[in-house]
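First up is the structure itself, then whatever we jot down about it.
The values are calculated or read from the model by the stated rules, or taken from the named source; none is laboratory data. Note that the coordinates shown come from a computational prediction; the quantities given were computed from them, not determined experimentally. Here the Cβ is made from the backbone with ideal geometry for all residues, glycine too, and neighbour counts use every protein chain on show.
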Amino acid sequence: MMDEMNISTGQALTQTSPHIQIICGEATVHAGQLMYIEPNDGRAYIYDHSAHKRLIPPAGFAATDIPCDMDDSERITLARQGRIRGFSGLTPGLYCYPSTTVPGAVTHTITSGIPVGIAINEKTLQLMF
């Protein structure tokens, strides 16, 4: 059975492979936001498809919704495999892509050649990293 993670709890999760923990570069992150790793500083930031124009791929979904400090010590867990829930309005069976209008969100509209997951039901996403 696939691991399933509830991303709407607001709790910090411990690292379990293949999920990764990385220093957060944002002032605030909400659970379920799509994140990327900035190659220049190695920190995690909210993925903005329109700004990245597909040059930097998404790295995973934030597993916490706590504020992050900018003191190089606050780590955030990025979920990269399994199922996560806490979304709304997903259509079962359709692939999800990074949103071009809402940073950190997903959409069923094809925005790039790489989907980040497939909807299992209206609230659950099977990750594809």
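Summary of computed values
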| quantity | calculated |
| --- | --- |
| When residues of region 69-128 are limited to those that are in contact with a Ser or Thr (Cβ under 7 Å, 6 or more places away or on another chain), among the small types (Gly, Ala, Ser) and part of a loop (DSSP other than H, G, I, E, B), the one nearest to Gln33 (Cα to Cα) | Ala105 |
| Selection within region 80-115 - modelled with pLDDT of 95 or more and closer than 17 Å to Ala44 by Cβ | none |
| Qualifying residue in region 4-19 (condition: at pLDDT 75 or above and farther than 15 Å from Gln126 by Cβ) | no |
| Residues that are in a loop (DSSP other than H, G, I, E, B) and either at pLDDT 90 or above or under 15 Å from the mean Cα position of the chain (by Cα) (or both), drawn from region 43-68 | Arg43, Tyr47, Asp48, Ile56, Pro57, Pro58, Ala59, Ala63, Thr64, Asp65, Ile66 |
